[in-house]
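Undergrad: First the structure, then my questions, so here it is.
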Amino acid sequence: MAKEGKPALGQVPRWLFGLGVIVAFAALGTLVQALTALPIPGSTLGMIALLVLLATPLRGWLTRVVAPAADSLIAVLPLLLVPLSVGVIGSFGELAEQARAIVAALVAGWLATFLTAALVADRLMRRRS
């Protein structure tokens, strides 16, 4: 039996295959971005493609395949954000020049997210009742 948080030896190939699928989607998105010159990062395009496939009948199989790797990546997500945070702190002087625009974008983004979440929650609650 595996210890809490560590995969059993038999689960390692499943985890690697799931990680390979996630990386393949990221690579596919990068290829699409390079071919089309879209102003969206390739990895984002790949994750959008993965999300679209998760909304199809392949959902059950695809979820079983990528879930172990996705769970592991989510567990280390804070560590993946450390370089981004350090970069922001290193560029603080340049960012301070655009403080008003940044604050406006943050407030607008928060407001849009808040209103969307409230609308979705309201609709879900109405369906449930």
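Undergrad: Among the helices (runs of 4 or more DSSP H) confined wholly to segment 69-129, which include 2 or more residues that are closer than 30 Å to TRP15 by Cβ and of a type in the set (A, V, I, L, M, F, W, C)?
TA: 77-90
Undergrad: If only one of THR56, THR63 is surrounded by 11 or more Cβ atoms within 10 Å (Cβ to Cβ) and closer than 24 Å to VAL32 by Cα, which one is it?
TA: THR63
Undergrad: Pick out the one residue from LEU115, LEU35, LEU106 that is exposed (fewer than 10 other Cβ atoms within 10 Å of the Cβ), modelled with pLDDT of 90 or more and out of contact with any helix residue (DSSP H, G or I) (no Cβ under 8 Å at 6 or more places or on another chain).
TA: Only one candidate passes the filter, namely LEU35.
Undergrad: Still on this structure, I have one more. Determine which single condition PRO83 fails, assuming it passes every other condition in (1) free of Cβ contacts under 8 Å to residues at least 12 places away in the same chain; (2) of a type outside the set (A, V, I, L, M, F, W, C); (3) surrounded by 10 or more Cβ atoms within 10 Å (Cβ to Cβ).
TA: Only one criterion in (1) free of Cβ contacts under 8 Å to residues at least 12 places away in the same chain; (2) of a type outside the set (A, V, I, L, M, F, W, C); (3) surrounded by 10 or more Cβ atoms within 10 Å (Cβ to Cβ) is unmet by PRO83, namely (3).
The values are calculated or read from the model by the stated rules, or taken from the named source; none is laboratory data. Since the model is a prediction, treat every value here as computed from it, not as a measurement. In this analysis, Cβ positions are derived from the backbone assuming ideal geometry, glycine residues included, and neighbour counts consider all displayed protein chains.
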